[in-house]
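Bear in mind that the values in this text are calculations on the coordinates, not laboratory data. All values derive from a computational prediction rather than experimental measurement. Don't worry about glycine lacking a Cβ; one is built from the backbone with ideal geometry, like all the others, and counts go over all protein chains shown.
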Amino acid sequence: MPSTTVRPNQRERILDAALRLMSEHGSAKTSMRQLARECGLNVAAIYHYFESKDALLAAVIDERQYGARLAEIPEIPADLPAAERLALIYRTVWEGALAEEPIWKLLLGEGLRGEPAVLSVGQSLLDVTRPGLTAWIEVAIPDVVAPPAAVTDLMLGQLFAGFVRHIFDPALDIAVIERDSADALVAALFAATPQ
């Protein structure tokens, strides 16, 4: 019989299992009972930590502390040309997103299905991501001609397009997607203007 005893790090274990199940099956098809079984717990133990599945989903995202992580602007060598600094920022964002691939798959998949809990969580994530990346661009590429917020939007568009390519063509090398996306972003912002 599943346990109701609360153990250290139990909350983190529940969050990890929830992310794994939700990214595989979707949040709507992941029940609290299924999660409890996966964790070897009683359903009441899950509700001890999370009052609802929506609260659990929000916690899965909140625990990653994206706002705090984005507040730490990466060191980008100022002596690199602006286009290379932009590509380096994109690669940093891409690699960070790949490290969180289950989160992104969950958010994109459930967002496309219009899952209400995911829509609000996804919006909250964008609310911290956009200003965070914009700050990175303002600090690392002050010489970019386009408004930093517009550069951020282009970068996020490339990030999402890269994930779509990765999902629909899983055999395609991740490094190719990263390079193509960074190259397209650089070309859009730094291509010579026709005279």
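When Rg/Rh (Cα atoms, Kirkwood Rh) is computed from the coordinates, the matching label among (i) 1.06; (ii) 0.99; (iii) 0.96 is (i).
Derived value for the stretch 10-60: Kirkwood hydrodynamic radius 10.4 Å. Basis is the mean of 1/r over every pair of different alpha-carbon atoms.
Ignoring the sites themselves, the chain has its longest run without trypsin sites (Lys or Arg not before Pro) in a DSSP loop having at most 12 other Cβ atoms within 10 Å at 30-112. Write out the GluC sites (Glu not before Pro) in the stretch 1-103 meeting two conditions: DSSP loop, and at most 11 other Cβ atoms within 10 Å of their Cβ. Here the GluC sites (Glu not before Pro) that fit, given the DSSP loop and packing criteria, are Glu51, Glu72, Glu75. Each residue, Glu101 and Asp54, gets one label point 7 Å from its Cα in the Cβ direction; the gap between the two is 3.2 nm.
Per the helix-only calculation at 222 nm, which mean residue ellipticity applies to the chain, given -39500 (n - 2.57) for every DSSP H run of n ≥ 4 and division by its residues, nearest 500 deg cm²/dmol? Write down the numbers at each step before the final one.
On the way: 10 runs with 140 residues, N = 195.
Per the formula, -23000 deg cm²/dmol.
For the stretch 51-67, backbone phi angles converted through the Karplus equation (6.51, -1.76, 1.60; θ = phi - 60°) give residue-by-residue couplings of 6, 7, 5, 4, 5, 5, 4, 4, 5, 4, 6, 4, 4, 7, 6, 4, x Hz, Gly and Pro being listed as x. Computed log10 I(q)/I(0) for the stretch 1-100 at 0.17, 0.20, 0.21 Å⁻¹: -0.79, -0.96, -1.02, from the Debye equation with unit scatterers placed on every C-alpha and solvent omitted. For Leu41, nonlocal amide neighbours, meaning residues 5 or more places apart or on other chains whose placed amide H falls under 5 Å from its own, are Ser3.
Rounded to the nearest Hz, the phi-derived 3J(HN,Hα) couplings of the stretch 11-21 under the Karplus curve 6.51 cos²θ - 1.76 cosθ + 1.60 (θ = phi - 60°) are 4, 5, 5, 5, 4, 4, 5, 4, 4, 4, 5, where x marks glycine and proline.
Residues in the stretch 84-101, backbone N under 17 Å from the label point at Gln65 (7 Å along the Cα-to-beta-carbon vector): list them, ranges by number please. So the set is 100.
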